[in-house]
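**Q** Attaching a single structure in structure tokens format; questions to follow.
The numbers here are math on the coordinates, done by the rules we state, and not lab data. Values in this document were obtained by computation on a predicted structure and should not be read as measured data. Cβ atoms come from the backbone with ideal geometry, glycine included; neighbour counts cover every protein chain shown.
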Amino acid sequence: MNEYQVIVVGGGAAGMMAAGQAAKGGAKVLLLEKKERLGRKIAISGKGRCNITNVENVSDFIGHYPGNGRFLHGILRGFDNIALREFFEGYGVETKVERGGRVFPVSDDAEKIVEALATFLTDMGVKVQSGIAVEEILVENGHVIGVRGNGKRYLAPAVVVCTGGSSYPGTGSNGDGFRFARKLGHNVLTPRPALVPLKTAEEWVKELQGLALRNVEGSLWIDGKKLIAEFGEMLFTHFGVSGPIILTLSRQAGDALRAGKKVELRINLKPALSAEQLDTRVQRDFQKYSNKQFKNALDDLLPQSLIPVLIRLSGINPEGVVHQISREERKGLVALLQGLPVTISETLSIEAAIVTAGGVNVKEINPKTMASKCVEGLYWAGEVVDVDGITGGYNLQAAFAMGYRAGQAAGNVVG
């Protein structure tokens, strides 16, 4: 006789939602988590504030998933951003909307999200066992019969795998699910970093370590052709560049680098102005500081730490008097201000990525139930699936929605 009707492997966003929904459907559910506490990745997401979703119309969400957005079409409609906010508000977590439609708890505390999900599990009667590292999904005659963890067998006719990807392995996401999937006959698309900082070739970038830029545009150029552009915030680091717009551009940058292509980031420091408007602005500053040296004429235009770098890259004599700067030099400066070029040499490793691209092939998963097409009684949800989105709350929304659907389906089958 089975101990449980549904076993959920992994206590992250997808896993907790799946376990609660399966139990809500009447099933006896066991949630196994390898770490000592649930929701570790949730707790550190959004710099500890947790961007759970976005207020954008859910019909527009699909375009924000470079990885298999179409697969999510019905899944997101089944448990959309409105339903997700209502779910958390039902557990006392009020939410707020910030720039870009990002939704956060009013408390700015990701732990409140984890606590709400834990309460949900308790309310639904889910049995939670932490510190259990699942080693194997048990299958007989093409049907799941349970799992083996810490040397013990846990039996159930339905198993939902929500083990995450390979990013942030300290939270428990170390690629276990990919290993399970391959052993069970699934095709796993090579895991690679998505939403990851980028390394740069230029030495001058290191001089700007710690400089954050707001309201700039970063565009990605592959072999000299513009691919994509993002507006928002970015940050210079000791190894290269990071921040929201860089993370969004990173997936395409990484794919191009792996294909052996030349990848360049161009930073528009003044995207609100046309080239003509910026030229007029620069001329006005040059008039104001006409008798000063060039190195002392950019204070109104740029952050202090960026000025020496821009001067060097412009090729204009820093000691020269402003009124002696030629029209061609001024035009070159304007072009540099709106297209500061940075060579991308590589991405940081997958362990440093916020999200994993790649995973269990969506063609082998039924989107109506998240059930495996290879093994009866097996379900997949969350980052272990080959789905990934940009920053802005899209990845957590997808994880919750996949967990919701997988949990309901598993619970309904056996409940």
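**Q** Could you run the Karplus curve 6.51 cos²θ - 1.76 cosθ + 1.60 with θ = phi - 60° over the range 290-298 and give me ³J(HN,Hα) per residue in whole Hz, x for Gly and Pro?
**A** After applying 6.51 cos²θ - 1.76 cosθ + 1.60, I find 4, 9, 9, 6, 3, 5, 10, 10, 10 Hz.
**Q** Another one. Go ahead and estimate [θ] at 222 nm for the chain from helices alone: -39,500 (n - 2.57) per DSSP H run with n ≥ 4, summed, over the residue count, rounded to 500.
**A** Value at 222 nm, helices only, nearest 500: -9500 deg cm²/dmol.
**Q** Using alpha carbons only, how many angstrom separate the centre of the range 197-228 from the centre of the range 5-55?
**A** Computed from Cα coordinates, the inter-centre distance equals 35 Å.
**Q** What does the range 330-415 give for Rg and for Dmax, in Å, if only its C-alpha atoms count?
**A** Rg then Dmax for the range 330-415, in Å: 20.2, 72.
**Q** How much length is gained on full extension from Arg258 to Glu203, taking 0.36 nm per residue of separation minus their Cα-Cα distance?
**A** Additional length available on full extension: 17.5 nm.
**Q** Taking just the C-alpha trace of the range 1-85, give me its Rg and Dmax in Å.
**A** When restricted to the Cα atoms of the range 1-85, Rg and Dmax are 15.2, 47 Å.
**Q** Here's another thing I want to ask about it. Below 14 Å, Cα to Cα, which aspartates and glutamates can Lys373 reach? Residues fewer than 8 away in the same chain don't count.
**A** Result set, ordered by chain and number: Glu364.
**Q** Which residues' amide hydrogens lie under 5 Å from the amide hydrogen of Val355, considering only partners 5 or more residues apart or on another chain, with H built in the peptide plane?
**A** Those qualifying (amide H under 5 Å, at least 5 residues apart or on another chain) are Ala194.
**Q** What FRET efficiency comes out for the pair Asn57/Ile228, r = Cβ-Cβ distance, R0 = 25 Å, nearest 0.05?
**A** Approximately 0.70, to the nearest 0.05.
**Q** If amide H atoms are built 1.01 Å from N in the plane of the peptide, which residues on other chains or at least 5 residues away come under 5 Å of the amide H of Thr347?
**A** Sorted by chain and number, the residues that satisfy this are Lys199.
**Q** Filter the trypsin sites (Lys or Arg not before Pro) in the range 350-407 down to the DSSP loop ones having no more than 15 other Cβ atoms within 10 Å, then list what survives.
**A** Within the range 350-407, the qualifying trypsin sites (Lys or Arg not before Pro) (loop, at most 15 other Cβ atoms within 10 Å) are Lys368, Lys373.
**Q** While we're here: Considering the dipole of the chain built from charges on the beta carbon (Lys and Arg +1, Asp and Glu -1) around the Cα centre, which of Val134, Ile267, Val114 is farthest to its positive end?
**A** Val134
**Q** Quick check for me: using +1 on Lys/Arg Cβ and -1 on Asp/Glu Cβ, what's the dipole size of the chain about its Cα centre, in debye to the nearest 20?
**A** Computed charge dipole of the chain: roughly 420 debye.
**Q** When only DSSP loop residues count, what GluC sites (Glu not before Pro) in the range 309-345 have their Cβ near at most 16 other Cβ atoms within 10 Å?
**A** In loop regions of the range 309-345 (DSSP not H, G, I, E or B), the sparsely surrounded GluC sites (Glu not before Pro) are Glu319.
**Q** Between Gln287 and Arg153, 0.36 nm times their residue separation minus their Cα-Cα distance comes to what?
**A** So the chain would gain 40.3 nm between Gln287 and Arg153.
**Q** Sticking with this one: Among Lys96/Lys206; Lys47/Lys363; Lys183/Lys261; Lys35/Lys152; Lys270/Lys295; Lys112/Lys368, which pairs are too far apart, with a Cα-Cα distance over 25 Å?
**A** Cα-Cα > 25 Å for Lys96/Lys206; Lys47/Lys363; Lys183/Lys261; Lys112/Lys368; rest within.
**Q** Only residues of the range 318-351 count here: report those whose backbone N is under 17 Å from the spot 7 Å along Cα→Cβ of Leu211, or say none.
**A** It comes to 318, 333-344, nothing else.
**Q** Follow-up question, since we're still on this one. Please list, in order along the range 40-53, the HN-Hα scalar couplings obtained from phi with the Karplus expression 6.51 cos²θ - 1.76 cosθ + 1.60 (θ = phi - 60°), rounded to whole Hz, x for Gly and Pro.
**A** With coefficients 6.51, -1.76 and 1.60, one gets 5, 6, 4, 4, 9, 5, x, 6, x, 10, 6, 7, 6, 6 Hz.
**Q** I'd like the trypsin sites (Lys or Arg not before Pro) in the range 1-104 restricted to DSSP loop residues with at most 11 other Cβ atoms within 10 Å, sorted by number.
**A** When the trypsin sites (Lys or Arg not before Pro) of the range 1-104 are filtered for loop state and at most 11 Cβ neighbours within 10 Å, nothing remains.
**Q** Could you order peptides 125-132, 242-249, 348-355, 273-280 by the average number of other Cβ atoms within 10 Å of their residues, highest first?
**A** 242-249, 348-355, 125-132, 273-280
**Q** Also, I was wondering about something else. List every residue whose amide H lies under 5 Å from the amide H of Ile145, counting only residues 5 or more places away in sequence or on a different chain, with H placed 1.01 Å from N in the peptide plane.
**A** HN-HN under 5 Å from Ile145: Leu138, Val139, Glu140.
**Q** Run the numbers on the chain and let me know its relative contact order in percent, using alpha-carbon pairs under 8 Å that are six or more apart.
**A** Here the relative contact order equals 27 percent.
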